[in-house]
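The next block holds one structure in the form of structure tokens; read it before the comments.
Read-outs: derived from the displayed coordinates by stated rules, not from any lab. Since the model is a prediction, treat every value here as computed from it, not as a measurement. Every residue, glycine as well, gets a Cβ built from its backbone with ideal geometry; the counts of neighbours run over all protein chains shown.
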Amino acid sequence: MAYLKTPEECESITDIRTEIDELDKQIIYLLGERFKYVKAASKFKKDQATVRDPERVKRVMELRRQWASEQGLSADVIENIYADLINYFIAEEMKEWKKNE
């Protein structure tokens, strides 16, 4: 991962935008890494219910909301982002699970 300037070290809007782009690149890279784990998890799931696992989703959402609040972010916004992300990953995990069935 590239070195990032702190917001205080940025000397122009160009610096700010460059750092935001780098952060977004890292976030997307990490989402790709997360996706690898999601696909690997399908090997350990017994049925479609364990792929969907609404209780796990509920616990994940509660923790992400907490983390958002700790970072001064809107818990509602982060929950919405994760809802989309988790729905996408569950659909992809289901495809992977069906291949292993």
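Observations on the model:
- Filter result (within 21 Å of A83 (Cβ to Cβ), out of contact with any helix residue (DSSP H, G or I) (no Cβ under 8 Å at 6 or more places or on another chain) and assigned to a loop (DSSP other than H, G, I, E, B)) within the stretch 16-56: D53
- Every condition in (1) under 14 Å from the mean Cα position of the chain (by Cα); (2) loosely packed, with under 13 Cβ neighbours inside 10 Å is met by Y3 except one, and the failing one is (1).
- If the condition is being over 26 Å from Y82 (Cβ atoms) and in contact with a helix residue (DSSP H, G or I) (Cβ under 7 Å, 6 or more places away or on another chain), then the stretch 1-15 contributes K5, C10.
- Qualifying residue in the stretch 29-46 (condition: surrounded by fewer than 10 Cβ atoms within 10 Å (Cβ to Cβ) and touching a residue at least 12 places away in the same chain (Cβ under 8 Å)): yes
- The stretch 47-95, residues that are surrounded by 14 or more Cβ atoms within 10 Å (Cβ to Cβ) and acidic (D, E): D53, E79, E92, E93
- Test: residue in the stretch 24-31 that is under 16 Å from the mean Cα position of the chain (by Cα) and acidic (D, E): yes
- Filter result for E19 (touching a Cys at 6+ places or on another chain (Cβ under 7 Å), surrounded by 12 or more Cβ atoms within 10 Å (Cβ to Cβ) and either without any contact (Cβ under 8 Å) to a residue 24 or more places away in the chain or small (G, A, S) (or both)): yes
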